[in-house]
Amino acid sequence: MRTLQDREGRSWRVWHVRPQSGILKGSSPELAHGWLCFESDGEKRRFPQPQTDWESLPDDGLLELLARAGAVPVINKAATA
């Protein structure tokens, strides 16, 4: 896991998600080999099929991936309780 700040000063946590479920792997070929999850307060993004050495990228490289990552809906747990 890594943390970084974007150009607006927002803090992001980044980690590699590796799906274990055969169903998940089969449901989206793009995500079958995993993705980088970018998470900030109230926002998540997903970058599919990250390079194996993503952890060694400089922050600018990760910010480039963040800019290309797709938004993921965030479920408000308080609203569903």
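A few notes on this one:
- Estimated [θ] at 222 nm from DSSP helical runs (n ≥ 4, -39500 (n - 2.57)) normalised by residues in the chain, nearest 500: -6000 deg cm²/dmol
- Extension reserve of the residue 6-residue 30 stretch, reckoned as 0.36 nm per residue once the Cα distance is removed: 6.1 nm
- Averaging Cα coordinates gives a centre for region 55-71 and one for region 2-21; these two points are 9 Å apart.
- Sum of side-chain charges, residue 35 neighbourhood, beta-carbon under 10 Å (Lys, Arg +1; Asp, Glu -1): +2
- The chain: C-alpha gyration tensor shape, a/c 1.5 cut-off, then a/b vs b/c: oblate
- Accessible area of the chain belonging to carbon and sulfur atoms, whole % at 1.4 Å probe: 50
- Heavy-atom accessible surface of the chain, averaged per residue, reaches 68 Å², computed with a 1.4 Å probe.
The values are calculated or read from the model by the stated rules, or taken from the named source; none is laboratory data. On a predicted model such as this, the values are computed, not experimentally measured, just so you know. Neighbour counts run over all protein chains shown; Cβ positions are idealised from the backbone, glycine included. SASA here: full protein model, heavy atoms, side chains in, ligands and nucleic acids out. Shrake-Rupley method; radii C 1.70, N 1.55, O 1.52, S 1.80 Å.
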